[in-house]
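Asks: Provided herewith is a single structure, encoded as structure tokens, for subsequent inquiry.
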Amino acid sequence: MPFWFEYVFTTPSHHRVHHGRNPKYIDKNHSGTLIIWDRIFGTFQAEEEEVVYGVAKPLASWNPVWANIDWYADLWSDFRKPMHWKDRIRLLFSKSGWLPAHLGGRREATYVKSKSATK
């Protein structure tokens, strides 16, 4: 596709990155149609390595309702941990995996390769 098109509109490559669980692809390419918004807000990531599809933390249930609220349950669990009120606010607006330093700091996503990834 022409450069200008890929700079403005979401392409299949951008969409693949959005669904990847590779650490560099987590929380990237949120736009539905105009990828330029991700470029403006710093959430753009070009496809640089083979995408491993899936969620960063495998679900322990086949329940579709739980699949949609599991992340909020994890957030609530972190929110209830002992921390300063400013850290609670930051927890709500930081990237996935953030915790204050006294609780262990940022939890990085585990590195995955397509050949060793389990689904």
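Since every read-out is calculated from the coordinates, none of them should be taken as a lab result. For clarity, every value in this text was computed on a predicted model and none was experimentally measured. Neighbour counts run over all protein chains shown; Cβ positions are idealised from the backbone, glycine included.
Asks: Search the structure for amide H atoms under 5 Å from the amide H of residue 9, placed 1.01 Å from N in the peptide plane, and list their residues when 5 or more places away or on another chain.
Replies: Answer set, sorted by chain and number: 35.
Asks: Moving to a separate point now. Given springs between every Cα pair under 10 Å in a Gaussian network model of the chain, which of 64, 82, 100 has the largest fluctuation?
Replies: 64
Asks: Of the listed values (i) 36; (ii) 41; (iii) 31, identify the label whose number matches percent of Cα pairs over 25 Å apart calculated from this model.
Replies: Of the listed options (i) 36; (ii) 41; (iii) 31, (i) comes from this structure.
Asks: Excluding the sites themselves, what is the longest stretch of the chain that contains no chymotrypsin sites (Phe, Trp or Tyr not before Pro) in a DSSP loop with at most 14 other C-beta atoms within 10 Å?
Replies: The segment 1-61 is the longest one with no such site.
Asks: In debye, nearest 20: dipole of the chain around its Cα centre with unit charges on the Cβ of K, R (+) and D, E (-)?
Replies: Numbers: 17 positive and 12 negative charges, 89 e Å.
So the magnitude is around 420 debye.
Asks: How many lysine pairs does the chain hold where the Cα atoms are under 22 Å apart and the two sit 8 or more places apart or on different chains?
Replies: Lysine pairs, 8 or more places apart or on different chains, close enough: 16.
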